[in-house]
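Comments concern the structure below.
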Amino acid sequence: MKRAFTVIKGGRPIPMGPGDRTFISGYATDTRLMGVTGLELTWEILRNSRIERFTQVFYLDSEEYGIESYLGGYGVDPEDVEKEKNRMYGALGGTPVSITEKEARFLIQTHAAINDHYSQPLPEGRESYGFLLSPEAVLTLEEYTDLFGRITGGPCEDACSLINYFLMRCTSGDGPGAVWLMGQQALKESFPDGLVHPDSHAQQPDTDMFFKDSRGTLCRNAIQETGTPDEKTFFCESLMEFDDSYHLVTSMIKASEDNSFVVRARKWSTLKISSPEAAMLSGRSEYISVYDTQNLPDEFFDSFADFASLFTETIYENGRLYIDFNDSNDHVSNPVYRINDDIRVIYFLSDSGQLVIMGYSFNALRDAEFRFYLSMLRFSPSVSSRYQFREPVFYEFVRGSYEDFDEFIESLGAELDPE
C-alpha cells in the first residue's frame, strides 16, 4: 500500500542550496493523540540576492513510520498548498496550532528518530529538509509540556476520551503518547533531568498495558464504569490487532478526578480470538453500491478527481481508495469506540473502471450517493448493483487482486442483491 501525493509545483527546483533562511511560520495539527501530526512550515530564503518563499508540508507518524511523507517547493501557490495539505492530512480532523522554529525542529528530529529506530527510510526530498535534522533540538520539560499541550488539543475533559486515547497509544507502542496521558508525575519520572531529547521515542510508561514488543491497533473498546462515580474506575474490553491476529484484552483503568490523566491501569486478561470472532465483536455492517464507469468519457474521471480532491487517497494494486472522513474526532468520546467511526464514506475506483462506494450505515451511503450524483450529474452515472453485508468484506476486496467487485463477491459464493 502506498500513499499517493502530488508534488507541489514551484518556480524553482526543490533543492534549497546555500543561503540565509528566515523562519516565517509553523503550524501543526492538534492530533498527536491519534498518533499522527500534520506539519506546515514556511521560510524565506535568500537566493541570488532575491528573497523567495519556501513551503514545507510533512505527515508525521508517531507509531512506526516517523516522517512518513514530505512535500516542499519554492514560490508555491497558496491554493496548491491547501490542496496538498488536505490530501495529505486534511482527514485528521484536527485544528492547526502555531509552533516555533525550535518546536518544529524537535518534532522533525523526534520523528526522524522513529524512522531510524524502526529502520524506515526517510521520504524523498531530504536535500530540502535535511537542515532541520541538526543541530539537536532539546526542549526543557516545561517547553515539552507546552508543545504537547497544544498538539494534543489540551487535556482530555471526559473519561471515555482519556481511556480510549490511552489504550490507542499503549496498543500502538507509542510510549511518549501514553506517558503524556499519565500526567505530570509520569513526565517528571521519565525526564528526571528536566530535558527532553528528540530520541524520546524510546520512552516507555510504567504500566503493563504497554505492549513493549508489539505494535498493534485498537479496533474496538467498550468502557463500563465500575464502583461509585467518585472512584473514577472503569472496566474496559478491548479488541486489539497485532500482526493480523486479534486479541481480546480486559483491563481496569482509574482516571483522575478531572479526567485529565490516567492514575492507574492494570491488565486483567488477554485472549487470542479468530478473525470471524473479531468481526462479530466489531459489529459493523457494510452498505455498498457499485457503479460501472467503463463507458463514461474521460471527462468523468477528471470530474471525479476534482470531487475526491479533499479526500484521503491511497493507491492499491487494483485501484485507488478515497476516504471521506468526518470533520472531527468526536467518536473517541464514545463509551464504545470503533476505529472506523471517524469515516463518513469510502470510494474505491478500480483499474477496470468500476466505482465502489461503501458506508457503514444505510443513511451514510445514500447521502454519499446523492452528493456524488449531483457532482457527476451531466454524466448520469447509474448503480449496477447494491449489497449489504453483516461482516466486513470491502477491505478484503480492496487488498485483493480482483478489479470487479461483483466477480469478487461471486467468488465468495454470495448472491447479488436483487435491488
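The values are calculated or read from the model by the stated rules, or taken from the named source; none is laboratory data. No experiment lies behind these values; they were computed from the predicted model shown. Using ideal geometry, Cβ is built from the backbone for each residue, glycine included, and neighbour counts are taken over all protein chains shown.
Key figures
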item	result
Residues of region 341-355 that turn out to be farther than 17 Å from residue 373 by Cα and in a strand (DSSP E or B), as a count	2
Selection within region 220-235 - assigned to a strand (DSSP E or B) and either over 23 Å from the mean Cα position of the chain (by Cα) or at positive phi (or both)	224, 225, 226, 233, 234, 235
Unique residue being under 25 Å from the mean Cα position of the chain (by Cα) and either within 24 Å of residue 307 (Cβ to Cβ) or among the aliphatic types (A, V, I, L, M) (or both) when the list is 367, 404	367
Residue within region 299-321 that is small (Gly, Ala, Ser), surrounded by 12 or more Cβ atoms within 10 Å (Cβ to Cβ), assigned to a strand (DSSP E or B) and touching a residue at least 24 places away in the same chain (Cβ under 8 Å) present	yes
Hits in region 128-157 - residues which are modelled with pLDDT of 95 or more and in contact with a Ser or Thr (Cβ under 7 Å, 6 or more places away or on another chain)	151
Those residues of region 46-77 which are among the hydroxyl-bearing types (Ser, Thr, Tyr) and free of Cβ contacts under 8 Å to residues at least 24 places away in the same chain, in sequence order	49
Region 244-272: number of residues that are over 20 Å from residue 227 (Cβ atoms) and either touching a Lys or Arg at 6+ places or on another chain (Cβ under 9 Å) or assigned by TED's automatic domain parsing to the domain that holds residue 33 (or both)	5
Residue 42 being of a type outside the set (Lys, Arg), touching a residue at least 60 places away in the same chain (Cβ under 8 Å) and in a strand (DSSP E or B)	no
Residue count, region 265-282 (criterion: in contact (Cβ under 8 Å) with a residue 40 or more places away in the chain and either surrounded by fewer than 13 Cβ atoms within 10 Å (Cβ to Cβ) or part of a helix (DSSP H, G or I) (or both))	7
Criterion: modelled with pLDDT under 95 and more than 24 Å from residue 409 (Cβ to Cβ) - qualifying residue of 282, 269, 274, 238	269
Selected residue (criterion: surrounded by the fewest Cβ atoms within 10 Å (Cβ to Cβ)) from residues of region 284-298 that are part of a loop (DSSP other than H, G, I, E, B) and touching a residue at least 60 places away in the same chain (Cβ under 8 Å)	294
Region 241-259, subset surrounded by fewer than 16 Cβ atoms within 10 Å (Cβ to Cβ) and not in a strand (DSSP E or B), residue modelled with the lowest pLDDT	244
Count of residues meeting criterion [in contact (Cβ under 8 Å) with a residue 24 or more places away in the chain, surrounded by 20 or more Cβ atoms within 10 Å (Cβ to Cβ) and either in contact with a Leu (Cβ under 7 Å, 6 or more places away or on another chain) or under 24 Å from residue 401 (Cβ atoms) (or both)] in region 336-356	8
Verdict on residue 125 being modelled with pLDDT under 95 and at positive phi	yes
Matching residues in region 276-297 - criterion: being among the acidic types (Asp, Glu) and touching a helix residue (DSSP H, G or I) at 6+ places or on another chain (Cβ under 9 Å)	286
Evaluation of residue 184 against (1) more than 24 Å from residue 65 (Cα to Cα); (2) touching a helix residue (DSSP H, G or I) at 6+ places or on another chain (Cβ under 6 Å); (3) surrounded by fewer than 21 Cβ atoms within 10 Å (Cβ to Cβ) (one fails), failing number	(2)
Elements of type helices (runs of 4 or more DSSP H) contained in region 79-166, each with 1 or more residues being farther than 19 Å from residue 178 by Cα	101-117, 126-129
Of residues in region 357-377 being loosely packed, with under 15 Cβ neighbours inside 10 Å and in contact (Cβ under 8 Å) with a residue 12 or more places away in the chain, the one farthest from residue 326 (Cα to Cα)	362
Those residues of region 342-360 which are within 17 Å of the chain's Cα centre (by Cα) and aliphatic (A, V, I, L, M), in sequence order	343, 345, 346
Flag if residue 140 is surrounded by fewer than 15 Cβ atoms within 10 Å (Cβ to Cβ) and of a type in the set (Ser, Thr, Tyr)	yes
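The rows are residues; the columns are (1) at pLDDT 95 or above; (2) in contact with a helix residue (DSSP H, G or I) (Cβ under 8 Å, 6 or more places away or on another chain); (3) surrounded by fewer than 21 Cβ atoms within 10 Å (Cβ to Cβ); (4) of a type in the set (A, V, I, L, M).
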site: 28; (1), (2), (3), (4): yes, yes, no, yes
site: 44; (1), (2), (3), (4): no, no, yes, no
site: 51; (1), (2), (3), (4): no, no, yes, yes
site: 85; (1), (2), (3), (4): no, no, no, no
site: 88; (1), (2), (3), (4): no, no, no, yes
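Okay, residues lined up against (1) more than 19 Å from residue 182 (Cα to Cα); (2) in contact (Cβ under 8 Å) with a residue 40 or more places away in the chain:
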{"residue": "217", "(1), (2)": "yes, yes"}
{"residue": "227", "(1), (2)": "yes, no"}
{"residue": "231", "(1), (2)": "no, no"}
{"residue": "235", "(1), (2)": "no, no"}
{"residue": "240", "(1), (2)": "yes, yes"}
{"residue": "243", "(1), (2)": "yes, no"}
{"residue": "246", "(1), (2)": "yes, no"}
{"residue": "255", "(1), (2)": "no, yes"}
